[in-house]
Amino acid sequence: MIRFTAFVIAVGLAAPAAAQGAPSEVQRVVACRTIAEDAERLACYDRESAALGSAIESDQVVVVSREQAVAARRELFGFSSPNFAGLLGDEDKLKSINVEIASASFNGLGELVLVMKDRSAWRQIDDRRIGSLPKAGTAATVEKATLGSFELKIDGRRSIKVRRIQ
């Protein structure tokens, strides 16, 4: 209930323009700010926050924190996925992730396959050679490259083109 109250307060303090695109239940709570009469404004907040609370309880409205959106965006990094109507925020903000290698092996085609400690898996898609297999615990960075591709740089080695497979 405290989170809900904090959410309602945050929504009440937000500018009405910020509520554009928000669910109608949220827009109605924000609209209460425009009522000049104190008693009417309070009645509006009471009525609309109760409606918003009911919508949240019945899963008609789902509240996602910024931290949850950032975690979801990071977890989906490397996959071709929709932005879910902006629910995850500005997807262009996340240009790279730092990961730690859990295991490395070559598949039957001689492509390097890396499984990271965050359970993501990446397969090499170019023919660059990296030398010996990287050890578990080695740091790596995956970053967006041109035309929707990704490059993975293993600590101290040159980068390789990769595709996320898991």
Test item: Cα-centred dipole of the range 21-63, Lys/Arg +1 and Asp/Glu -1 on Cβ, debye: 120
Equivalent ellipsoid semi-axes - Cα gyration tensor, the range 95-164, angstrom: 16, 15, 11
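FYI, it's all coordinate maths here, none of it is from the lab. The shown structure was predicted, so the numbers you read here are calculated from the model rather than taken from an experiment. Counting neighbours? That spans all protein chains shown, and the Cβs are built from the backbone with ideal geometry, glycine included.
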